[in-house]
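Comments concern the structure below.
The values are calculated or read from the model by the stated rules, or taken from the named source; none is laboratory data. All values reported here derive from a predicted model rather than from experimental measurement. Note that we place each Cβ from the backbone using ideal geometry, even for glycine, and neighbour counts take in every protein chain shown.
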Amino acid sequence: MRLLTLATALAVALLAGATAASALEVGANDDSAKHSDDRGETMFTEMAALGLRQVVVGVRFTPSQPDVIPERRLLEQVVPKALDAGLRVVFAVFPYPTREIEAGLGSPDQFGAWAREVARAFPQVRRFVVGNEPNQPAFWRPQFDAGGKNASAGSFGPYLAAAYDALKAVDPGTTVIGVGLSPRGNDKPNANGNISTSPVRFLRALGAWYRASGRTRPLMDGFSFHPYPAKATDPLDRGYGWPNAGFVNLDRIKQALWDAFQGTAQPTTLSGLKLHLDEVGWQVDTAGQGAYQGSENVPVTDEETQAKIYAELVRRAACDPDVAGISFFGFRDDGLRTGFQAGLQTADGVPRPATDAVREAITETARGCPKPLQPWQPETTVVGVKATVLAGKSRVSARVVAGEDARGSVCVREAAAAKSGRCVPVTLRGMRPLTVSLVPPVTKSPRVEVKVDLAAEANPTRRTTVVKRAALGP
């Protein structure tokens, strides 16, 4: 047993030395330590031995009890044990329950004062994620106002700003990470259920609020995003259609941040803002395992597939210079199948194949990334514009598509004419083709010119013009 203990300690030391060279911080988002008999001592030791470097712990602000730090005594026991194991502790702070936010209880000022007290009570914790999926109705309501415009970003923004200022006042060296954004939303104020906002449109609305507020300080030092798959049965490379985004769509998130904040005091990834993927997971099959209760409520994948995906997540994230960290949601599973079963361990602490896969990926990436991604650069035109033109005897048809929402016009004129000709306004919805039928001006020439002029809704300074020529039919 003594030899085994020494061997384990040596392995931990070697892994710690290896991971020290890696810029990517791999961890787990897991609250279960607060309710374990040893307050997480065993779990934290196992996390560190695996090569994980941080644990994200949720701390909720209750609007109706703004002076209370929930589970404070448990946190006072958990935080030292995580630190003793060599892990960084990250607090994920956010207002909850949602019904109290919707009822108008609490305020940004109260949230800021509460965050300040949390920071003072736990000076060992110097990294905070502020917000938890405020684009989802489960965590923020209302999502839209009576006119159907996004309301969640404008009401969440003051909370993020208040927390940033309060945490920096306690310790300017504290890292404040916002927003904890969900990867999906339906953008439907009148939907039958889950009235939510897509990540791209939420960021656009947050940027609009920030610019209108006149604030001259940043909102965040890093940006938190939760790149869950649409389904646990999806492969890693199956992302989302615009304006939603998964792990393989991170460029879409970087573009949305740039569109929202470029030219302001809030940095974007182009000026040093880092992405923290602090919730991600693929749920797995737990059928026949005695540590679980209830029935599975979503389609799930198998453990071997999960292991391959998790290893690839670590490798790819380590090769993206804009990604600072990734944390799997749940180091150890929730025992209720109505919860979340995507951990590196089962509910009774048995390591899954993902454990070895993640360990190997961490060790591999600590030696460097074999194929680093090129530094991301923002699009300066409308993304993915394509136009095709078909000309008949007396009408011209233009089929236009873009990779994002855009507005503009489609015009037709005689090819040699100097005038603009006849135009119609158009509104494109991301990735949905639009066909416009035009009557060309009276002309002796059989050749006409079709001009498509578009501006991105997310950032009207990004413009694209496409000119096509065609011959009218006989």
Checklist line | Residue in the stretch 237-285 that is surrounded by the most Cβ atoms within 10 Å (Cβ to Cβ), counting only those that are part of a loop (DSSP other than H, G, I, E, B) and among the charged types (D, E, K, R) | finding: D285
Checklist line | Filter result for P108 (surrounded by fewer than 20 Cβ atoms within 10 Å (Cβ to Cβ), touching a residue at least 24 places away in the same chain (Cβ under 8 Å) and closer than 16 Å to F44 by Cα) | finding: no
Margin query: Contact list please: Cβ distance under 7 Å, first residue in the stretch 55-74 and farther than 22 Å from G104 by Cβ, second residue among the hydroxyl-bearing types (S, T, Y), pairs at least six apart or on different chains.
Written below: V56/S327
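I'd like to check something: does the stretch 439-450 contain any residue that is surrounded by 16 or more Cβ atoms within 10 Å (Cβ to Cβ), hydrophobic (A, V, I, L, M, F, W, C), closer than 24 Å to D259 by Cβ and out of contact with any helix residue (DSSP H, G or I) (no Cβ under 8 Å at 6 or more places or on another chain)? It would help to see each step written out before you state the result.
Within the stretch 439-450, the subset surrounded by 16 or more Cβ atoms within 10 Å (Cβ to Cβ) is 440, 448-450.
Now restrict to residues that are hydrophobic (A, V, I, L, M, F, W, C): 448, 450.
Of the ones still in play, those that are also closer than 24 Å to D259 by Cβ are none.
Scanning the stretch 439-450 turns up no residue that is surrounded by 16 or more Cβ atoms within 10 Å (Cβ to Cβ), hydrophobic (A, V, I, L, M, F, W, C), closer than 24 Å to D259 by Cβ and out of contact with any helix residue (DSSP H, G or I) (no Cβ under 8 Å at 6 or more places or on another chain).
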Next item on the list: Please give the number of the condition Q306 fails out of (1) of a type outside the set (S, T, Y); (2) in contact with a Leu (Cβ under 8 Å, 6 or more places away or on another chain); (3) not in a loop (DSSP other than H, G, I, E, B).
Entry: (2)
Next item on the list: Among the candidates R395, R413, single out the residue that is out of contact with any helix residue (DSSP H, G or I) (no Cβ under 6 Å at 6 or more places or on another chain), more than 11 Å from L454 (Cβ to Cβ) and surrounded by 15 or more Cβ atoms within 10 Å (Cβ to Cβ).
Entry: R413
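For the stretch 220-228, does any single residue satisfy the condition of being small (G, A, S), part of a strand (DSSP E or B) and not assigned by TED's automatic domain parsing to the domain that holds N459? So that I can check it myself, show each step before the final result.
From the stretch 220-228, those small (G, A, S) are 222, 224; that's our starting set.
Narrowing the set further to residues that are part of a strand (DSSP E or B) leaves 222, 224.
Restricting the remaining residues to those that are not assigned by TED's automatic domain parsing to the domain that holds N459 gives 222, 224.
Scanning the stretch 220-228 turns up at least one residue that is small (G, A, S), part of a strand (DSSP E or B) and not assigned by TED's automatic domain parsing to the domain that holds N459.
A quick yes/no check of all residues on (1) without any contact (Cβ under 8 Å) to a residue 24 or more places away in the chain; (2) among the basic types (K, R):
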position	(1), (2)
G241	no, no
D259	no, no
G263	yes, no
K274	no, yes
G281	no, no
Check: List the pairs whose first member sits in the stretch 446-457 and is within 13 Å of R469 (Cβ to Cβ), whose second member is outside any strand (DSSP E or B), and whose Cβ atoms are under 7 Å apart, counting only residues at least 6 apart or on separate chains?
Finding: P446/L472; R447/A415; V448/A415; V448/P440; V448/L472; E449/A415
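Here's the yes/no breakdown for (1) more than 18 Å from W209 (Cβ to Cβ); (2) touching an Asp or Glu at 6+ places or on another chain (Cβ under 7 Å); (3) of a type in the set (G, A, S):
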{"position": "F247", "(1), (2), (3)": "yes, no, no"}
{"position": "D251", "(1), (2), (3)": "yes, no, no"}
{"position": "A256", "(1), (2), (3)": "no, no, yes"}
{"position": "A260", "(1), (2), (3)": "no, no, yes"}
{"position": "T264", "(1), (2), (3)": "no, no, no"}
{"position": "G272", "(1), (2), (3)": "yes, no, yes"}
{"position": "H276", "(1), (2), (3)": "yes, no, no"}
{"position": "A287", "(1), (2), (3)": "yes, no, yes"}
{"position": "N297", "(1), (2), (3)": "yes, no, no"}
Next item on the list: Tally the residues that are more than 19 Å from the chain's Cα centre (by Cα), surrounded by 20 or more Cβ atoms within 10 Å (Cβ to Cβ) and over 14 Å from E46 (Cα atoms), restricting the search to the stretch 335-346.
Entry: 2
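Collect the residues in the stretch 286-302 that are touching a strand residue (DSSP E or B) at 6+ places or on another chain (Cβ under 9 Å) and surrounded by 16 or more Cβ atoms within 10 Å (Cβ to Cβ), keeping them in residue-number order. Step through it out loud before you land on a result.
Just the residues of the stretch 286-302 that are touching a strand residue (DSSP E or B) at 6+ places or on another chain (Cβ under 9 Å), to begin with: 292-294, 300-302.
Residues satisfying the conditions are Y292, V300, T301.
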Notebook entry, point to check: Going through the stretch 228-276 one residue at a time, which ones are of a type in the set (D, E) and touching a Leu at 6+ places or on another chain (Cβ under 9 Å)?
Noted result: D259
